[in-house]
Amino acid sequence: MYWEPEKECLDREDLEQLQLERLQSTLNRVYEHVPFYRKKFDAMGISPEDVGSLADLARLPFTTKADLRENYPYGLFAVPMREVVRIHASSGTTGAATVVGYTRNDIRTWSNLVARVLTAGGVTKDDVVQIAFGYGLFTGAFGLHYGAERVGASVIPASSGNTARQIQIMKDFKTTAIVSTPSYALLMADTLREMGIPVSALSLRYGLFGAEPWSDAMRKEIEGKLGIVATDNYGLSEVLGPGVSGECLERQGLHIHEDHFLVEVVDPETLRPVAPGEAGELVITTLTKEAFPMIRYRTRDLTRLLPGTCRCGRTGLRMGRVSGRTDDMLIIKGVNVFPSQIEHILFEFEGTEPHYQIVVDRKGAMDEVTVMVEAAESIFFDQMRRQKEMVEKIQKRLAQELGIAVDVRLVERKTLGRSEGKAKRVVDRRKL
Ligand code: DLL
C-alpha cells in the first residue's frame, strides 16, 4: 500500500527531472537568502546557474554539524521568522544543540512523508497509533504524530516514560501500532511481562521504530515479545526529522523519499563517492524544504545504497539500515568497532537479556573495552561455573567477529540504565 503512489512509484527519468528542477530552486533559495551559502558558493566560484545536471551536485560544498553550530540559532534559516511556524532542536548525542525551523508548507510536506513511512509500515486509518516518543524539541514525537493524523489513524500522544501506564493505555485503548525507539520498545516488552499481561491481551499489530541504530536480532526479539511486525524508519532533525526513509513490509531496505532528498554516499575520509553499493557516510541535500534547506549535509551516518528494486513496487532508491555513526565508532586496539556489531552478537545468546552497555576505559596507553551484559536470573543466580561458561562463550564469539579480544561482564538484571528514548550504548570513561 502506498500513501502517494504517483510519487513513490515515479519513473527514474521523471524523478530525475523533478529532482533537478527542485535542486535548482533550492540552490537559488539558499543563495538568495542565506549568507552562509552565498559566501561559500562565491568562494568556490560557483553560482546556482552553473548547476545544469544532477552530476553537478558534486561541485557544491558540504555542510557539517560545525556549520550549524556556528550559525546557531537561526543563521541558516532561509525565510524570515514570520514564516516559521515550528521550531525543533536536537541536543544531539554529541555537542551543542542544533535549531531547525519549518514553514507551514514544510509541516505539510513533513506530515506527508511520515504518512508514507507509516503506510509502508502497515498503518491505515483504521489503526490506533500510540506515540511513545518524548514530545518536545525532539522531532520524533511531533513528526510521527502529524504523519499518523495525516493518514487518518487515531493518535494517542502517550509520550515516553511512565512505562507501566504506557502498557495500561496500550491494553485499554486497544493500540494497534506502537511508535518509539527500538530500545524503548524492548523496555515496554519487558515491562509487559513483569506486569503479568500476556501479549494476547493486547491488540498490537505493527511497530514503527527509529531514531537509533538497532540490529535485526533486536528486531526479532521485539517482534516476538510484542507480537508485531516491526519496521525501521530513519531521519534526522537537520534535514527534516523522521520521514527521510522507511522500510515497507518487505523489509529489504529503507525507501528514500528521493523526490524530496538527494542522497550520496561518500568515503568519510576522502569525501569521494564510494563504489555503488559500498558502505560510507550518507550525505543529504533537501529538495523541498523552505525554512531550513540543507546542501550536501554530512549526516555522519553509515549506510549503503542497495541495488535493484523492491518487490513492493516503489521505485526510489533504498538504503541499508544505518549501522552507526562515524562518531560512535570505537577504535579498539586499532580495529574499528561499532556498538551495533556487538549488539548483533549478544542477541545470539539465550540467557543474556539483550540489555547491554559498552564501557571504554584507558589503562595506561591502552584502551580497554568491557561489554556489560545483563544475564537472566536463572543464569545470574546459578553456579559460578555456568556464568563463567557464558562469559567465555560470548568473549569467543566477539573475538571471532570483531577480530580483537574484549572483556565481558555479566551483571544482574536491571543494573544497567534503561532508555525511554535513545539508548546510550557506550560509556566512555576516557572522557570523564
Ligand atoms: O532521531 C529523527 C527520527 C525520529 C527518526 C523518530 C526516526 C524516528 P535526531 O534526534 O536529530 O532525529 O537524530 C538523528 O539519529 O543522524 C542517526 O544517527 C540516528 N537515527 C535516526 N533514525 C535511525 C535509524 C531523529 N532508523 C540521528 N537507524 C541520525 C539508525 C538512526 N540510526
Quick one: length gained pulling R418 to I87 fully straight, 0.36 nm per residue minus the C-alpha distance?
-> 116.3 nm
For the chain, set up a Gaussian network in which alpha carbons nearer than 10 Å are linked by springs, and say which option among I228, I87, I284 fluctuates the most.
-> I87
In this model, which of K225/K422; K65/K424; K174/K424 are farther than 25 Å apart at the alpha-carbon?
-> K174/K424
Hz values of 3J(HN,Hα) by residue in the stretch 66-74 - Karplus curve (6.51, -1.76, 1.60), Gly and Pro given as x | 4, 4, 5, 5, 5, 9, 4, x, 10
Could you give the dipole magnitude of the chain about its Cα centre, charging the beta-carbon of Lys and Arg +1 and that of Asp and Glu -1, in debye to the nearest 20?
-> 980
Result for the chain: accessible area per residue, probe 1.4 angstrom, in square angstrom, of 44
In nanometres, what is the gap between the two model label sites at E401 and L18, each 7 Å from Cα along Cα-to-Cβ?
-> 3.9
With the contact rule set at Cα under 8 Å and sequence spacing of 6 or more, what percent relative contact order holds for the chain?
-> 14
Top of S183, S53, S340 by mean-square fluctuation, Gaussian network on the chain, Cα under 10 Å | S53
For K333, counting only lysines whose alpha-carbon sits under 20 Å away and dropping same-chain residues fewer than eight positions off, the answer is K363, K396, K431
Grab the DSSP H runs of the chain that are 4 residues or longer, score each as -39,500 (n - 2.57), total them, divide by all residues and round the 222 nm result to the nearest 500 deg cm²/dmol.
-> -9500 deg cm²/dmol
For the stretch 41-54, Karplus-derived ³J(HN,Hα) couplings (6.51, -1.76, 1.60; θ = phi - 60°; whole Hz; x for glycine and proline) come out as 4, 4, 4, 8, x, 10, 10, x, 5, 6, 8, x, 8, 5
The answer for the per residue Cα convex hull volume of the stretch 330-431, in Å³, is 104
Multiply the residue separation of Y2 and A58 by 0.36 nm, subtract the distance between their alpha-carbon atoms, and state the gained length in nm to one decimal.
-> 17.0 nm
Could you check the simple spin-label distance between S47 and E392, using points 7 Å along Cα→Cβ, in nm with one decimal?
-> 7.4
Which whole-number value in Å³ per residue fits the convex hull of the alpha carbons of the chain?
-> 149
Roughly how big is the stretch 276-432's charge dipole about its Cα centre, with Cβ charges of +1 (Lys, Arg) and -1 (Asp, Glu), in debye to the nearest 20?
-> 420
The stretch 183-340 - charge dipole about Cα centre, Lys and Arg +1 at Cβ, Asp and Glu -1, debye rounded to 20 | 280
For the stretch 314-328 and the stretch 232-258, write down the distance between their C-alpha centroids in whole Å.
-> 8
GNM on the chain, C-alpha springs below 10 Å: top fluctuator among R300, R205, R272?
-> R272
In whole percent, the fraction of accessible protein surface over the chain that belongs to carbon or sulfur atoms, probe radius 1.4 Å, stands at 50
Add +1 for every Lys or Arg and -1 for every Asp or Glu among the other residues with Cβ under 10 Å from the Cβ of I46, and state the total.
-> -2
Dipole-positive endmost among Q387, V337, F347 within the stretch 330-431 (Cβ charges, Cα centre) = V337
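The values are calculated or read from the model by the stated rules, or taken from the named source; none is laboratory data. All values reported here derive from a predicted model rather than from experimental measurement. Positions of Cβ are backbone-derived with ideal geometry, glycine not excepted, and every protein chain shown enters the neighbour counts. In case anyone asks, the SASA skips ligands and DNA or RNA and just uses the protein heavy atoms, side chains included. Shrake-Rupley method; radii C 1.70, N 1.55, O 1.52, S 1.80 Å.
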